[in-house]
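Q: This is the structure I have questions about; it appears just below.
The values are calculated or read from the model by the stated rules, or taken from the named source; none is laboratory data. Keep in mind that what you see is a predicted model, and the values were worked out from it rather than measured. Note that each Cβ is placed from the backbone with ideal geometry, even for glycine, and that neighbours are counted across all protein chains shown. Areas reflect the complete protein model, heavy atoms only, side chains present, ligands, DNA and RNA absent. Shrake-Rupley method; radii C 1.70, N 1.55, O 1.52, S 1.80 Å.
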Amino acid sequence: MSGFTAALSLLGLALLAVAGVYGAARAFRIPSGPLPAQPFGSGLEPAEHAVSRFHLRWYTVTMLFLAFDMEMVFMYPWTLVISVMGPSAVIEMFVFLAVLLAGVVHAWREGALRWA
């Protein structure tokens, strides 16, 4: 048997195996009707329209989340280079954290974290 014939028979065997798997999947599948076209919300029926308005406080909560998310984005590389940069990197990070803390204190004093 030459190399070409062996490769061709191996390709035929692989194609036969793939066709067999597709055939088995088609033979043993469970027929189902069309799915309902409703948004998924933890298995509950939707209580409001998908494009309904949100309360304005969600905007503030989102901005606070993004601020803390950006904090983590900046802190991860900082932990990798802190030993190389020395004390200046520690001072810079504490200044950054102080600015973030000032923002949280301001949001707290303005009542952005109060929900009712």
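Q: Any chance the range 71-86 includes a residue that's outside any helix (DSSP H, G or I) and open to solvent by 60 Å² or more (accessible area, probe 1.4 Å)?
A: No - not one qualifying residue is present in the range 71-86.
Q: Between a residue in the range 97-108 that is within 14 Å of Phe74 (Cα to Cα) and any residue that is open to solvent by less than 50 Å² (accessible area, probe 1.4 Å) and part of a helix (DSSP H, G or I), which pairs come within a Cβ distance under 6 Å, given they are 6 or more apart or on different chains?
A: That search, which allows pairs on different chains as well, returns Leu100/Glu71.
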